[in-house]
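This report refers to the structure that appears directly beneath it.
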Amino acid sequence: MTAILLCLAAYLFGSIPFGVVVARLNGVDLRKVGSGNIGATNVARALGKAWAVVVLAADAAKGFVPVWLGRRLDLPPSVVALAGFIAITGHMFTIFLRGRGGKGVATSLGVALALSPLAALTGFAVYILIFALTRLSSLGSLLGVWTFSTFIIVGHGFPRPYLALAIGGAALVTLRHRENIARLLRGEEKRT
């Protein structure tokens, strides 16, 4: 029963569109400006960096809290991994926006921080480096999530469900970036 409640809460919490809420409080419809995405990068375009940091932290918390709580309750790794995956999918396919959510990068960062802070910070450092060099948030995001996943895969001592979560989460984030990837390949991706 605890596992079911955790997964349900992970989806509902993951579904809260903090970017949309913050933008609406500032009189902006986030889905009608910039890229139309509900994440921190588009918030930065629409409202500035300070609000983007707020949304980034809130979206990361959506992934961190369920995984941290599951581990704290000493639930099996399979349940913890499922809760993390559900939190990410909740952000991507939010019930509050009829299934049209974000790309899951910040929520994946939160999941990563709860699983392995070192691996998460390594992935985040890769994002920062790539973004600083290219000003392409999508490229930094993709390389960051796969850096985390690689760290988990080659690392020792991680349960198999965590490996599945790392790969599955990165694959989902990549799938959600398919339009960005096409633009990157054409050299048409917008710089932030």
Out of (1) in contact with a Leu (Cβ under 7 Å, 6 or more places away or on another chain); (2) assigned to a helix (DSSP H, G or I), what's the single condition that is false for Arg183? (1)
Pull up region 8-34, narrow it to residues that are under 18 Å from the mean Cα position of the chain (by Cα) and not in a helix (DSSP H, G or I), then point me to the one that is surrounded by the fewest Cβ atoms within 10 Å (Cβ to Cβ). Ile16
Only listed residue being among the hydroxyl-bearing types (Ser, Thr, Tyr), under 17 Å from the mean Cα position of the chain (by Cα) and over 11 Å from Val105 (Cα atoms), chosen from Thr147, Thr192: Thr147
Residue check, Leu109 against (1) without any contact (Cβ under 8 Å) to a residue 60 or more places away in the chain; (2) in contact with a Cys (Cβ under 8 Å, 6 or more places away or on another chain), all met but one. Which one? (2)
So Ile38 fits all but one of (1) surrounded by 24 or more Cβ atoms within 10 Å (Cβ to Cβ); (2) within 17 Å of the chain's Cα centre (by Cα); (3) under 21 Å from Ser149 (Cα atoms); what number is the exception? (3)
Matching residues, region 52-81, being surrounded by 19 or more Cβ atoms within 10 Å (Cβ to Cβ) and under 18 Å from Phe131 (Cβ atoms): Ala52, Val55, Leu56, Asp59, Ala60
Hey, can you tell me all the residues within region 166-179 that are farther than 27 Å from Gly70 by Cα and touching a residue at least 60 places away in the same chain (Cβ under 8 Å)? His177
Checking the structure you have, find out if any residue of region 111-130 is of a type in the set (Ser, Thr, Tyr), modelled with pLDDT under 95, within 21 Å of Arg45 (Cα to Cα) and in a helix (DSSP H, G or I). no
Single residue of region 150-165 satisfying the filter (in contact (Cβ under 8 Å) with a residue 24 or more places away in the chain and in a helix (DSSP H, G or I)) that is surrounded by the fewest Cβ atoms within 10 Å (Cβ to Cβ): Arg160
How many of the residues making up region 129-142 are free of Cβ contacts under 8 Å to residues at least 40 places away in the same chain and surrounded by fewer than 18 Cβ atoms within 10 Å (Cβ to Cβ)? 3
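Being out of contact with any Lys or Arg (no Cβ under 9 Å at 6 or more places or on another chain) and buried (at least 22 other Cβ atoms within 10 Å of the Cβ) narrows it down to one of Gly104, Gly99, Gly84, so name that one.
The match here is Gly84.
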Is at least one residue of region 71-86 over 15 Å from the mean Cα position of the chain (by Cα), of a type in the set (Lys, Arg) and at negative phi? yes
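The values are calculated or read from the model by the stated rules, or taken from the named source; none is laboratory data. Just so it is clear, the model here is predicted, and its values are computed rather than measured. Glycine also receives a Cβ, built like all others from the backbone with ideal geometry; neighbour counts cover every protein chain displayed.
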